[in-house]
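Report on the structure given below.
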Amino acid sequence: MERSMFIILLSVSGGFDDKKGEMKMAGFFEDLGKLISEKAEVVSKKTEEVVDVVTKKTEQTVEVQKIKNQIHVMERNNERDYIDIGKMVYNKFKNGEGADSDYIELCDAIAERDAEIAKARKNIARIKGVGVCVKCGEPVGTGVVFCSNCGTKVAPEYTTDEETQFEEEN
């Protein structure tokens, strides 16, 4: 196949003279140089496009990972507070006391972090261009029937519009 392309290139470029059976080398190399330059330009443009796509995806991945790290810290703090609430309740029980108001502050802190976690999950979904489960707040892809996290049936017409996603947050 390479030989046939070579002969076609020679014929088109005038690099082969049928009457004399000689190659016109100057025209051939000039046309070959032009062809190589054109192909190199196409390759260069495609490479730039690929680099742009990879860069955008990398930036999105880094942003999502930062948000996931924030969620993890908030969830860890909630777990710590759950343990503290349990200890407080047990100590009150053990001492024969019943002061429910002592751990309300911890419950309020947990509720605030849960709200922040929900916002962060919506932000991840916005970045990824997917919807959010109405029950657990996890991202759900397009065309998904059930949430992979909690099993809730996903509404077929969920929105991924940035504006709608952030109306609830603000």
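Observations on the structure shown:
- In this structure, residue 86 qualifies as modelled with pLDDT under 95, surrounded by 11 or more Cβ atoms within 10 Å (Cβ to Cβ) and assigned to a helix (DSSP H, G or I).
- In segment 109-123, the residues that are touching a residue at least 24 places away in the same chain (Cβ under 8 Å) form Cβ pairs under 6 Å with partners that are outside any helix (DSSP H, G or I) and surrounded by fewer than 14 Cβ atoms within 10 Å (Cβ to Cβ), at six or more places apart or across chains, as follows: 119/169.
- When residue 136 is tested against (1) in a loop (DSSP other than H, G, I, E, B); (2) over 22 Å from residue 66 (Cβ atoms), just one condition goes unmet, and that condition is (2).
- No other residue among 63, 59 is of a type outside the set (A, V, I, L, M, F, W, C) and open to solvent by 100 Å² or more (accessible area, probe 1.4 Å) apart from 59.
- Against the conditions (1) outside any helix (DSSP H, G or I); (2) surrounded by 13 or more Cβ atoms within 10 Å (Cβ to Cβ), residue 110 satisfies every one except (1).
- Among the numbered conditions (1) over 29 Å from residue 56 (Cβ atoms); (2) under 30 Å from the mean Cα position of the chain (by Cα); (3) modelled with pLDDT of 90 or more, the only one that residue 81 does not meet is (2).
- Filtered residues of segment 135-148 (kept if closer than 20 Å to residue 116 by Cβ and surrounded by fewer than 14 Cβ atoms within 10 Å (Cβ to Cβ)): 135
The values are calculated or read from the model by the stated rules, or taken from the named source; none is laboratory data. Here the structure is a predicted model, which means the values were calculated and not measured. As a convention, Cβ positions derive from the backbone with ideal geometry for all residues, glycine included, and neighbour counts pool all protein chains shown. Ligands, DNA and RNA are stripped out before the accessible areas are found, and what is left, the full protein with its side chains, is counted by its heavy atoms. Shrake-Rupley method; radii C 1.70, N 1.55, O 1.52, S 1.80 Å.
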